[in-house]
Structure formats: C-alpha cells, structure tokens
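Only one structure is covered here, and it is reproduced in the block below.
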C-alpha cells in the first residue's frame with residue numbers, strides 16, 4: 001500500500017511539472033520598445049532586475065524607463081517562443097566580429113603584421129655595436 005501511495009505521489013508530481021507552462025512577462029519601455037522576461041521582474045533599489053528571454057541573461061532596467069510590466073497571455077508567449085531570431089551579421093563599418101582564431105583577419109592583426117615588418121628592418125640599425 002505504501003508503495004502505491006509513493007508511486008501515485010511521484011506520478012502526480014511529474015504530471016504537474018509537465019503541465020506547468022513557462023510564464024513570460026512583457027516589459028513596456030519608455031518611450032517605445034519592449035523586452036521579454038523569463039520571470040517576474042523584481043524592483044531592487046531604483047531598478048528592475050529580471051532574466052531576459054530566451055538567453056536568461058540577468059538584466060537591470062531603471063524604474064523610470066519602465067512604462068508597465070504585464071504577464072503575457074499563453075498565445076502571445078507561444079508566438080514569442082516560435083518566432084525565429086536572426087543574428088545580425090557584420091556591418092561594413094564595424095568590420096568582422098569573428099576573432100583571429102576563426103581564420104578571419106582583423107584590423108589589429110594587420111597592424112601587428114605591419115609593425116613587425118617595420119621593426120624587422122630597424123632592428124639592425126638600432127642594435128648596439130659589437131664589442
């Protein structure tokens with residue numbers, strides 16, 4: 001009998017966890033803009049602190065920048081979850097974001113190569129004379 005009660009309690013606990021949906025909160029910002037939070041933002045001092053959706057990064061926003069906070073409806077939350085985000089590619093004026101380890105040359109690599117080439121020619125002229 002004790003085993004059956006334990007098993008029934010375990011099944012109910014699992015069912016309640018599986019049935020629970022992740023609640024998302026929409027933060028409307030001043031003057032315009034929106035942010036989505038994985039949890040209810042908490043007011044700490046003069047800022048709201050929350051975990052951003054979907055990354056979970058801890059973010060703080062000044063209270064004066066928040067217009068309102070509201071729990072999203074299940075339909076709106078599902079739309080957010082199914083919306084595909086697109087990574088912003090490199091913009092021409094920013095240069096490549098990938099580092100030298102990924103095979104892409106950056107401006108700092110070019111500058112180091114140019115400085116090394118320039119210093120290679122001056123090494124013989126600036127060395128101290130032999131004794």
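The order of the peptides 23-29, 61-67 by mean Cβ neighbours within 10 Å, most packed first, is 23-29, 61-67.
Remark on segment 21-87: Rg and Dmax equal 11.8, 35 Å (Cα only). Quote the relative contact order of segment 21-87 in percent (integer), defining contacts as alpha-carbon pairs under 8 Å separated by 6+ residues. RCO, segment 21-87: 32 percent. Residue separation of residue 51 and residue 67 scaled by 0.36 nm, minus their Cα-Cα distance, works out to 4.0 nm of gained length.
Report note on the peptides 111-120, 41-50: ranked by the mean count of other C-beta atoms within 10 Å, highest first, their order is 41-50, 111-120.
Residue 40 to residue 107: FRET efficiency via 1/(1 + (r/R0)^6), r the Cβ-Cβ distance, R0 41 Å, to the nearest 0.05? Efficiency for this residue pair is about 0.40.
Bear in mind that the values in this text are calculations on the coordinates, not laboratory data. Quantities reported herein were computed from a predicted structural model and do not represent experimental measurements. Note that each Cβ is placed from the backbone with ideal geometry, even for glycine, and that neighbours are counted across all protein chains shown.
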